[in-house]
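The values are calculated or read from the model by the stated rules, or taken from the named source; none is laboratory data. Every value quoted in this text rests on a predicted model; they were computed, and no experiment measured them. Because the Cβ atoms are built from the backbone with ideal geometry, glycine has one as well, and the counts that use them run over all protein chains shown. To get the accessible areas, we keep the full protein, side chains included, count just its heavy atoms, and leave off ligands, DNA and RNA. Shrake-Rupley method; radii C 1.70, N 1.55, O 1.52, S 1.80 Å.
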Amino acid sequence: MRRALVVLLTVGCISVRPEPRPTPQASTTGGAAPVTGPAQTPVKWSVDSSVVRALIAQGMTNSHVSADLAYLSDVIGPRLTGSSGLRLANDWTRDKFREYGADSEWTEAWTFGQGWERGPITLTMVAPHVQPIFGASWAWAPGTDGAVTGPVVIVDATSPADFAQRFGGRLKGTWVMIRPPVPLTNPDGPTMTHADSVRADSALKAWSKLTDDQRKSIAQLPTLLAAEHATGLLQDGAKEFGLLTMSGTPHALDPIAHVVIPHETYAMFYRLCQAGQPVRLRADITNTLTVDTLTAYNTVAEIRGTDHPDEVVLLGAHLDSWDLGTGTTDNGAGAIAVLEAARILAAAHVHPMRTIRFALFTGEEEGLLGSTAYVSDHEDELAKFQAVLVLDNGTGRITGVALQGRNELHDAWDALFAPVASLGPFAVRAQSKGGTDHLSFLPYGVPSFNYDQLTRGYNHTHHSQADTFDHAVPDDIAQAATVMAVNAYELANAPALLARGQTAEGP
């Protein structure tokens with residue numbers, strides 16, 4: 001059972017002092033294993049309640065979220081790393097930070113890799129019946145050499161030797177499926193039974209239980225398929241109602257065409273092939289890869305600290321997006337929340353003891369590349385980073401935080417959420433989260449976190465063509481921006497830096 005917080009009200013300020021608690025034991029199941037850092041002195045800091053009230057009022061009654069997110073989504077549009085759209089977004093957000101009162105704002109260059117531009121695609125199933133097929137190229141995959149037609153086949157090889165024995169010399173001109181359909185349930189069907197859940201969970205866990213050799217074998221398949229002159233790979237869109245899940249990176253270029261098709265189409269192809277019914281696909285795909293390595297940019301701004309300007313609280317999100325939609329929930333919402341947090345703090349005329357920095361990273365979708373470049377460029381400063389707080393799980397309001405192995409900071413987070421309790425509820429949990437830019441800072445011992453958020457349909461919009469402004473919840477983003485602003489103010493005025501976590505060799 002949680003111990004109650006002791007909240008002492010004094011004239012003009014709130015002093016939040018959580019009672020000490022034993023450090024929980026590290027979990028041995030699920031996700032990344034928590035890493036327990038040094039014992040943390042019980043948190044004891046004061047927060048000016050008049051400032052907190054001003055921040056909450058500014059964020060919740062004078063929000064600029066809706067207008068700014070609509071502009072980023074509808075006017076600037078998709079922001080694939082390396083594209084002109086993302087460069088425009090860098091400049092626009094830099095200028096908005098200046099307009100909203102940051103002390104300084106700038107862009108920081110980093111080396112990205114080959115650029116890629118999506119071109120036209122036409123797909124048609126020509127057997128066993130004729131049907132136009134919706135689909136999209138996997139990012140950083142080539143196209144076809146004009147219109148091509150070939151059979152669809154299943155390749156379920158478990159190793160290169162197995163591949164050579166069973167499929168060698170048999171794949172020229174084929175479209176290949178290398179995995180079964182993702183186990184999705186009919187959202188309009190009967191309620192799932194326990195048995196249904198067990199089957200779905202078993203199928204989803206199969207990938208996580210692969211051995212390193214099996215993973216390496218799967219990673220080698222595109223190269224093996226190219227050597228066999230296969231035409232391309234087909235991939236399950238992995239969502240309901242024809243939505244696609246897009247990804248790709250210049251660090252793993254596909255040697256052959258690679259197309260994502262709706263789950264419903266992929267599952268049909270797979271059923272037909274398993275039944276021995278020939279399936280043929282005609283495709284005409286044009287994509288463009290740049291020859292030169294491109295430069296990308298992170299947008300950065302800050303409100304300078306008064307007493308310890310070299311110590312930094314960083315609020316972060318990624319500005320880049322995939323290009324099927326307009327990148328509203330992943331992660332325009334997070335980027336606008338960071339921009340709005342800067343506006344809230346400046347409009348409330350805060351004078352933090354430490355510097356509050358705002359970073360809109362790019363290249364996140366291709367492998368946390370922009371934040372990795374940032375920590376490399378700022379490695380000498382990271383020992384004085386108070387904390388990194390990232391927002392990257394959609395348009396939903398903040399519901400709490402996962403401690404990322406820093407279980408000794410549980411009471412500190414309880415204290416951070418106490419002044420914004422009216423915007424809650426909030427839960428502090430022991431688990432770790434992956435997949436966002438906070439991970440780039442953890443190897444350097446910086447206390448780094450990705451906020452928990454309400455889902456608000458994120459599993460559908462994420463990486464899909466439905467990631468548009470229509471699915472935004474501006475009031476939730478306003479709450480998130482306000483919570484981030486208050487948390488940043490609290491951490492910037494805390495009496496000392498939080499204890500460092502364990503460090504590792506590089507990001």
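Summary table below
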item: Rounded to 5, percent antiparallel among DSSP beta bridges of the chain; result: 60 percent
item: Separation in nanometres of the label points that stand 7 Å from Cα toward Cβ, at A67 and N459; result: 3.7 nm
item: Accessible-area value, L368, 1.4 Å probe, nucleic acids and ligands omitted, Å²; result: 30 Å²
item: Protein accessible area in the chain, 1.4 Å probe - carbon and sulfur %; result: 54 percent
item: Which of T191, T482 is most accessible, then next, and so on - probe 1.4 Å; result: T191, T482
item: Cα-based shape type of the range 374-481, given that a ≥ b ≥ c are square roots of the gyration tensor eigenvalues and the cut on a/c is 1.5; result: oblate
item: Distance-filtered residues of the range 253-280 - backbone nitrogen under 14 Å, label point 7 angstrom along I178 Cα→Cβ; result: 253-260
item: Selected from P425, G396, S49, residue furthest toward positive end of dipole (the chain; charges at beta carbon); result: P425
item: Over 28 Å (Cα to Cα) - which of K172/K216; K216/K384; K216/K433 fall in this group; result: K216/K384
item: Gain in span if fully extended, S49 to Q274, counting 0.36 nm per residue against the direct Cα distance; result: 74.4 nm
item: Among 395-401, 61-67, 300-306, the order from most to least packed when residues are scored by Cβ within 10 Å on average; result: 395-401, 300-306, 61-67
item: In nm, spacing of pseudo-spin labels at Q502 and D145 (7 Å Cα→C-beta vector); result: 5.2 nm
item: Additional length obtainable on full extension of the chain from T158 to V291, 0.36 nm per residue less Cα span; result: 44.4 nm
item: Mean residue ellipticity (222 nm) of the chain, computed from DSSP H runs ≥ 4 via -39,500 (n - 2.57), nearest 500; result: -8500 deg cm²/dmol
item: T295 accessible area, 1.4 Å probe, all protein chains in place, Å² to nearest 10; result: 80 Å²
item: Principal-axis tilt of helix 49-61 within the chain, Cα atoms, nearest 10 degrees; result: 40 degrees
